[in-house]
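Here is the structure we will look at.
Only the coordinates and a few stated rules stand behind these numbers; no lab work does. No experiment lies behind these values; they were computed from the predicted model shown. No Cβ is skipped: glycine too gets one built from the backbone with ideal geometry, and neighbour counts run over all protein chains shown.
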Amino acid sequence: MSNSMLLEQDLLLANLSEQTYPALDTYKAVENLDLSQLNNVDSAGVAYLVQIKTQYPALQLVNVSAKLLVLAELYGVENFFEK
């Protein structure tokens, strides 16, 4: 059975500054991080996702929106996300 986690709402600098999202060690046992319910993501959000993926390379970032992929491509980190 796959261990999945769903990120919801917005992944923005304001949310991250307020510590709305969990610490990175929360993702230690997660195999698939579902991004389908993210409404808005900014560069800080992309950096947060890349940091998770860097710390846990086996974790898959799945159900990535077209908008998020465009932003990831602008920053040269699209290889971290499942298309």
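How big is the chain by Rg and Dmax over its Cα atoms, in Å?
Cα only, the chain: 11.6, 35 Å (Rg, Dmax).
Around Phe81, what is the net charge, scoring Lys/Arg as +1 and Asp/Glu as -1 over all other residues with Cβ under 10 Å from its Cβ?
That works out to -1.
Which residue fluctuates the most in the chain, going by a Gaussian network model with Cα springs under 10 Å, if the choices are Val46, Val70, Val30?
Of Val46, Val70, Val30, the most mobile in the Gaussian network model is Val70.
As a test of the formula, what do you get for the chain when each DSSP H run with n ≥ 4 contributes -39,500 (n - 2.57) and the sum is divided by the residue count, at 222 nm and rounded to the nearest 500 deg cm²/dmol?
-9500 deg cm²/dmol
For the stretch 38-83 and the stretch 1-25, what is the separation of their Cα centres, given in Å?
Distance between centres, Cα-based: 12 Å.
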